[in-house]
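Let me begin by presenting the structure, written as structure tokens, before commenting on it.
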Amino acid sequence: MRSARAAIRAGIVIGLCGALLVGCGSGGEPEGERPSGAKGTTATKEPSGPEGTTGTEGTTGTSGGASAATSGNGPTEDGPSGSAGSDGSAGSEGGDKGGTASGEPVDTPAPGTTSTPDFVADPALVPKNRADALTLARSVITRPTEYGRGYGKRTPYESDPGDWNVLDTSCNWQREELPRTVLASFTRRGQLPASGAKGLVRISSTVTVHRTTSQADWEMAQTLEEALRCPDQRLGRSERVQQLMSLGSAFGQGNNLTADDSLMERGEFIDESGGGAPAHYAWNQSRLGSVTVSVVVKGGKGHTPLELTTAQIQAMGSMVNRLKNALGGTE
């Protein structure tokens, strides 16, 4: 068990370090970083999220198959992983992103879906109804303390598992009822309180259980394109994200050796109620079968991207490990 956990953590560390353009040392902890051309964050698409406008560039692809990279620039607040969203609706405080673009995915394979990890879930343990899906989500999702020392709960702490965040056509995150294709989407929010010269850090984790694997894959594909469509996004009344870029890696690509599919977003987080200075924003989401898990980190003054990426890696590693155990498959 210990070796399996170590392998999962190592895979996530390598994947995130590469995707987030952060150098990592041999001990598994990231050290040093290289500047990147676009900003982003992995954080909550939790229902916590970003927003965007113009100036996009890069290559696009579909999650599950060819990975995609998009970057955009433009003026732009907050809402996974989940996958990143807002705390409920645009115009409300403390938003988190998570969920997907408007519209309900159809039950057909996402383009280019071919790669799968060595892990195969036990069909008997894959949720088939809402009650089982919520039980799985609660057993997998991280607690704030798993991000690191000093992290604790944020209010509201848990989301309503009957709805999720949706990025509308105006690049605002809105809270909407779950589509029929989703059994449950559950988010927990946390924070690292401001202390001394360092500002408040907001974090959130989301677990979303779809009815089928192809529907979960469509969530990944749509999420990957959100940064291209909306490089600037409003998360809530006073929070937004800007200059987002996204990158997807199917299993076996980009050092992704832990999940069927993985993607990330990076950008700048703006808290307009706190002065409006840009801070690190990062969001990362992974899929195993019909389940997606995401973590979002919205930085504060004085916190380095390296420090926040380390917290993200710890949280994501815990969720992926527990998800594999809960699905009881083989590797």
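Below are the figures for this structure:
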item	result
Top-ranked residue in the range 257-311 [being basic (Lys, Arg) and more than 21 Å from Ser139 (Cα to Cα); ranked as modelled with the lowest pLDDT]	Lys301
Conditions (1) small (Gly, Ala, Ser); (2) touching a helix residue (DSSP H, G or I) at 6+ places or on another chain (Cβ under 6 Å); (3) surrounded by 24 or more Cβ atoms within 10 Å (Cβ to Cβ); number of the one not met by Ser238	(3)
Residue within the range 298-308 that is closer than 18 Å to Asn165 by Cα and of a type outside the set (Lys, Arg) present	no
Scope the range 254-275; condition within 18 Å of Ser294 (Cα to Cα) and among the aliphatic types (A, V, I, L, M); matching residues	Leu257, Ala259, Leu263, Met264
Residue among Met220, Met245 that is touching a strand residue (DSSP E or B) at 6+ places or on another chain (Cβ under 8 Å) and either hydroxyl-bearing (Ser, Thr, Tyr) or not in a strand (DSSP E or B) (or both)	Met220
From the options Ser205, Ser214, residue that is more than 22 Å from Gln312 (Cα to Cα) and of a type in the set (Gly, Ala, Ser)	Ser214
Residues located in the range 126-140, provided they are touching a Lys or Arg at 6+ places or on another chain (Cβ under 7 Å) and open to solvent by 40 Å² or more (accessible area, probe 1.4 Å)	Ser139
Residues of the range 141-177 classified as open to solvent by less than 20 Å² (accessible area, probe 1.4 Å) and either of a type in the set (S, T, N, Q) or assigned to a helix (DSSP H, G or I) (or both), total	5
Selection within the range 225-255 - under 17 Å from Asn284 (Cβ atoms) and of a type in the set (Ser, Thr, Tyr)	Ser246, Ser249
Hits in the range 178-191 - residues which are open to solvent by 30 Å² or more (accessible area, probe 1.4 Å) and outside any loop (DSSP other than H, G, I, E, B)	Arg188, Gln191
Any chance Ala259 is in contact with a Gly (Cβ under 7 Å, 6 or more places away or on another chain) and buried (at least 24 other Cβ atoms within 10 Å of the Cβ)	no
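Okay, residues lined up against (1) among the acidic types (Asp, Glu); (2) open to solvent by 30 Å² or more (accessible area, probe 1.4 Å); (3) part of a helix (DSSP H, G or I):
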| position | (1), (2), (3) |
| --- | --- |
| His280 | no, no, no |
| Arg287 | no, no, no |
| Val296 | no, no, no |
| His303 | no, no, no |
| Leu306 | no, yes, yes |
| Ala311 | no, no, yes |
| Met316 | no, no, yes |
| Met319 | no, no, yes |
| Lys324 | no, no, yes |
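The values are calculated or read from the model by the stated rules, or taken from the named source; none is laboratory data. Here the structure is a predicted model, which means the values were calculated and not measured. Glycine gets a Cβ as well: all are built from the backbone with ideal geometry, and neighbour counts include every protein chain shown. For the accessible areas, the whole protein counts, side chains as well, though only heavy atoms, and no ligand, DNA or RNA atoms are used. Shrake-Rupley method; radii C 1.70, N 1.55, O 1.52, S 1.80 Å.
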